[in-house]
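A short worksheet on the structure shown next.
Rule-based calculations on the coordinates, nothing more; no lab input. Quick caveat: nothing in here was measured; it's all calculated off a predicted structure. Note: ideal-geometry Cβ built from the backbone for every residue, glycine included; neighbour counts use all protein chains shown.
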Amino acid sequence: MEQSGQRILWGVGTSRTLRAHWILAELELDYVTRPMTSRSGETSTDQYSHINPSQKIPTFQDGYFTLSESAAIVNYVATRYGQAFDLAPPTDPQQRALYDQWCFFVMMELDAHTLYVIRKHGDLSNIYGEAEQAIRTAREGFQKQANAAAKRLDQLGPYVLGARFSGADILLTSCLNGALRRSIELPDILHRYLERTTQRTAYYQAMRANQSV
Ligand SMILES: N[C@@H](CCC(=O)N[C@@H](CS)C(=O)NCC(=O)O)C(=O)O
């Protein structure tokens, strides 16, 4: 049993684990990393399955509170600890709804439907099978939705919430970086956005913390 007050983050080495390391770094929170990597078999042990029945990383433990899903971890940490850093999600219902709109948009349209499809049927095709057409439409789908994100950012900017950086920027940045790694072209406005978000000190700290050794 972990100590009651200890913060533990399970998982390194993926864009999804990076999100959790990043929000913890933004808020300068102490935590212990369990450096478990993807597809190493470590996610399917009995001990880990008890903590996260999905057998996926990341998982975050805040004392006795256990949470999975990278976006939920980002938003939980930002809500619980982010006030002092002006990083908490908005509390006004409509502003919060717009924030949620960004988060769900990123997780569904830029992650699950597109990047993850490309990864599954590209790098991991030995497990999930070849599906050239699915990859092609996922790349096109990503570009279309990235253009939509660029339009919204152009109206609001420089961050998802306008003036201030938030957890939704962590989610968006991780997906845009994933697209660049796969040579998906992005509009200039998103390149300029990435220059802003990836120059943050906490981003470098998170990249280091997320390295698998
Ligand atoms: N929706 C989840 C997805 C998590 C996920 O798919 N994690 C992958 C690594 S990126 C994983 O743990 N796969 C299982 C394994 O590697 O054993 C999240 O955002 O946290």
Segment 93-200, relative contact order in percent, only Cα pairs under 8 angstrom and at least six apart counted: 27 percent
Tell me, rounded to the nearest percent, the portion of alpha carbon pairs in segment 69-191 spaced more than 17 Å apart. 57 percent
Along principal axes, largest first, the alpha-carbon spread of segment 7-82 in whole Å comes out as 33, 24, 19
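Run lengths n ≥ 4 of DSSP H only: what is the helix-derived mean residue ellipticity at 222 nm for the chain, with -39500 (n - 2.57) per run over all residues, to the nearest 500? The partial results should precede the final answer.
Details: 10 runs with 111 residues, N = 213.
Counting only the DSSP helices, I get -16000 deg cm²/dmol.
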Under the Karplus curve 6.51 cos²θ - 1.76 cosθ + 1.60, θ = phi - 60°, whole-Hz ³J(HN,Hα) for segment 58-67, x wherever Gly or Pro sits: x, 10, 10, 10, 10, x, 8, 8, 10, 9
Where labels lie 7 Å past Cα in the beta-carbon direction, separation of Leu156 and Ala131 in nm: 3.0 nm
Quick one: what are the phi-derived ³J(HN,Hα) couplings along segment 70-85, Karplus 6.51/-1.76/1.60 with θ = phi - 60°, whole Hz, x for glycine and proline? 4, 5, 5, 5, 4, 6, 5, 4, 5, 5, 6, 10, x, 3, 5, 9
Debye-sum result for the chain in log10 I(q)/I(0), which assumes one identical scatterer on each alpha carbon, at q = 0.08, 0.18 Å⁻¹: -0.28, -1.38
Along segment 16-32, Karplus-curve 3J(HN,Hα) (6.51, -1.76, 1.60; θ = phi - 60°) to the nearest Hz, with x for Gly and Pro, reads 6, 5, 4, 4, 5, 4, 5, 5, 5, 5, 4, 9, 6, 8, 6, 7, 9
With bins 5 Å wide starting at 0, give me the P(r) of segment 138-186 over every alpha carbon pair, in whole percents. 5, 21, 28, 25, 15, 5, 0
Dividing the mean separation of Cα pairs under 8 Å (6+ apart) by the residue count of the chain yields a relative contact order in percent of 25 percent
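Tell me the net charge near Cys103. Cut-off is 12 Å between Cβ atoms, Cys103 excluded, with +1 for each Lys or Arg and -1 for each Asp or Glu.
On the way: positive: Arg19, Arg96; negative: Glu69, Asp100, Glu109, Asp111, Asp169.
The answer is -3.
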Which distance in nm do the two modelled labels at Asp188 and Thr201 give, with both placed 7 Å along the Cα-to-Cβ direction? 3.2 nm
Among beta bridges that DSSP assigns inside the chain, antiparallel share in %, nearest 5: 75 percent
So how do 124-135, 46-57, 74-85 stack up, highest first, on mean other-Cβ count within 10 Å? 74-85, 46-57, 124-135
